[in-house]
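Worksheet: the structure to be examined is printed underneath.
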Ligand code: GDP
Ligand code: MG
């Protein structure tokens, strides 16, 4: 239970959620869009782990999502076990305009599984849905992979904001629902 809730920090629940996926798929921009409604056209990944907190209210309870960004570690295949520790949710992101990033999703799921001793609520995120003309992965393929792996699925654009909030909220809401089912 300690993983899910910390009653002594002013909020009712604290959920750690991690962003995963290849370099340049848009992880940092998804987080910036969600947490601060910002977008960076030419973002450079910085080294080191960073996270952003985002508060929301569900059923009158204050939930703080602490969302971790790889901040460039993934470029050197050096995402540390500290990054995964205690995570209860994950967004595994690929770029719909770069097939290779979709092919690597399995690797990220394996990494996540090997670092977690519990079921992490995971959503597969096909980002850059605004790049319609250079799409290399169809929505159906994304959906099919998510179904086989029993993941939620959504396509997003950090550029035009579409579905960004929904992607994060789907994970947060599901974690909350699982927790409620365990408590009551
Ligand atoms: P990260 O390495 O996964 O954190 O990816 P970044 O967030 O740094 O984004 C990599 C590049 O893709 C940057 O140039 C972003 O501006 C661009 N980018 C991120 N999200 C989108 C998106 O939804 N649509 C488009 N067209 N570009 C994006
Ligand atoms: Mg980044």
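The values are calculated or read from the model by the stated rules, or taken from the named source; none is laboratory data. Since this is a predicted model, take the numbers as computed values, not measurements. Don't worry about glycine lacking a Cβ; one is built from the backbone with ideal geometry, like all the others, and counts go over all protein chains shown.
Values as computed for the structure displayed
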{"quantity": "Count - residues of the range 18-33 that are crowded, with 23+ Cβ neighbours inside 10 Å, more than 6 Å from ligand 1 (Cβ to nearest atom) and over 20 Å from residue 115 (Cα atoms)", "calculated": "3"}
{"quantity": "Counted residues, the range 101-122 - those being over 22 Å from residue 173 (Cα atoms) and surrounded by fewer than 21 Cβ atoms within 10 Å (Cβ to Cβ)", "calculated": "8"}
{"quantity": "Complete set of residues in the range 34-46 that are out of contact with any strand residue (DSSP E or B) (no Cβ under 8 Å at 6 or more places or on another chain) and either modelled with pLDDT of 90 or more or within 12 Å of ligand 1 (Cβ to nearest atom) (or both)", "calculated": "38, 39, 40, 41, 42, 43, 44, 45, 46"}
{"quantity": "Yes/no for residue 71 being under 15 Å from the mean Cα position of the chain (by Cα), modelled with pLDDT under 90 and not in a loop (DSSP other than H, G, I, E, B)", "calculated": "no"}
{"quantity": "Contacts under 7 angstrom Cβ, first residue in the range 16-41 being at positive phi, partner part of a strand (DSSP E or B) and more than 13 Å from ligand 2 (Cβ to nearest atom), 6 or more apart", "calculated": "21/92; 21/94"}
